[in-house]
1. So between Asp272 and Arg70, what do we pick up on full extension, going 0.36 nm a residue minus the alpha carbon distance?
2. Quick one: which residues, 5+ away or cross-chain, put their amide H under 5 Å from the amide H of Phe73? H built at 1.01 Å from N.
3. Starting from the amide H of Tyr128, placed 1.01 Å from N in the peptide plane, find each other amide H under 5 Å away whose residue is 5 or more places distant or on another chain.
4. For the chain, set up a Gaussian network in which alpha carbons nearer than 10 Å are linked by springs, and say which option among Glu43, Glu135, Glu287 fluctuates the most.
5. Starting from 0.36 nm per residue, how many nanometres of slack lie between Glu201 and Thr170 once their C-alpha separation is accounted for?
6. Counting other C-beta atoms within 10 Å, which of Cys80, Cys300, Cys137, Cys320 has the fewest, and how do the rest follow?
7. Got a sec? How would Trp36, Trp54, Trp199 order by Cβ neighbour count within 10 Å, fewest to most?
8. What is the spread of the Cα atoms of the range 1-43 along each of their three principal axes, largest first, in whole Å?
Amino acid sequence: MSFITEIKTFAALGSGVIGSGWVARALAHGLDVVAWDPAPGAEAALRIRVANAWPALEQQGLATGASQDRLRFVATIEECVGDADFIQESAPERLELKLELHSKISAAAKPNALIGSSTSGLLPSEFYESSTHPERCVVGHPFNPVYLLPLVEIVGGNKTAPEAIEAAKTVYTRLGMRPLHVRKEVPGFIADRLLEALWREALHLVNDGVATTGEIDDAIRFGAGLRWSFMGTFLTYTLAGGDAGMRHFMAQFGPALQLPWTYLPAPQLTDDLIDAVVEGTSEQLGERSISALERYRDDCLLAVLDAVKTTKAKHGMAFCD
Ligand SMILES: NC(=O)C1=CN([C@@H]2O[C@H](COP(=O)(O)OP(=O)(O)OC[C@H]3O[C@@H](n4cnc5c(N)ncnc54)[C@H](O)[C@@H]3O)[C@@H](O)[C@H]2O)C=CC1
Ligand SMILES: C[N+](C)(C)CC(=O)CC(=O)[O-]
């Protein structure tokens, strides 16, 4: 089975916050973009959003021939997808709406054009249920702002061909993104399960009168948020275990999983789970020693702190603002 990966024309359906981000990214990569959105005034709003993103994209570097003039807004789904080499749907997060929309999109699209959905967590097996050629249908879940953040989660449904996953990885990579294949089709995928846990806990903290919204944001942006841009939780906690690494960290903090530090229940800390975490983090660590990783962390942190300081100053803010 082969799918189009040499993209000249990118179709965007839905041009709100996320759809307009895809349009800006595709235009900046030198593609022709065809967009459709049923809302009155959608074209004007889309062009304003793209223009607002353009200075950042220019700063980052545009592809040869990239231009906002290569955006064409059309009146029907069929016009939008008929000649498209790749299609990205960013319509409202409602299962019934996506089901009906994908049935129309896929019927009008070239049979070998990949179709991606920006859904934050709906299951592709469900909303691609009545699609034509469902083997080319995937989730391509981006992060806001889509035109700058590289992560895109790729999720297949029960009818998606493995070749479509590989082809989607190729296309998104060519759009300057970092694809992450989510191997199991689970609601919320990987990233939104993590973000949602934090978000729900933050809402509990406000609701319980523990902290204001600003205090909770400060707790992220002056602490873990600074290190998350270059090191995830597993490697960070490996370092927190000192020279003995993750096994020691889990022995030391394992009992805390039973304390009421969060509303989210913890899994049983079985030997299998401990081994999986220790093996996973050893693989992440590779040949590097703990002290080499600490030096890497420190270098990255200094660079991030410096960038944040400089950029805040440009916007008239002090580092602690
Ligand atoms: N806002 C966010 O932070 C993120 C959202 N997403 C996902 O992206 C998708 C779009 O979300 P947003 O852009 O935030 O929503 P939005 O509300 O900003 O935009 C949705 C757009 O879809 C249009 N629309 C309404 N009915 C439609 C239809 N039948 N067909 C096509 N378009 C239609 C609306 O006019 C609107 O312009 C959702 O699936 C959402 O879960 C993914 C990542 C992040
Ligand atoms: C809130 N959200 C579930 C729509 C968030 C996302 O899907 C990703 C993001 O950009 O944070």
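1. Details: separation 202, 0.36 × 202 = 72.72 nm, distance 5.36 nm.
Gain on extension, Asp272 to Arg70, equals 67.4 nm.
2. It is Ala35, by chain and number.
3. For Tyr128, whose amide H was placed from the backbone, there are no distant partners under 5 Å.
4. Maximum among the listed residues: Glu287.
5. Details: separation 31, 0.36 × 31 = 11.16 nm, distance 3.61 nm.
Full extension from Glu201 to Thr170 adds 7.5 nm.
6. Details: Cys80 24, Cys300 15, Cys137 28, Cys320 7.
Starting with the residue having the fewest Cβ neighbours, the order is Cys320, Cys300, Cys80, Cys137.
7. Numbers: Trp36 24, Trp54 18, Trp199 11.
So the ranking, lowest neighbour count to highest, is Trp199, Trp54, Trp36.
8. So the extents along the principal axes, rounded to whole Å, are 38, 23, 15.
A short reminder: the numbers here are calculations on the coordinates, not readings from a lab. Keep in mind that this is a model prediction, so the values were computed, not measured. All Cβ positions, even for glycine, are placed from backbone atoms using ideal geometry, and neighbour counts span all protein chains on display.
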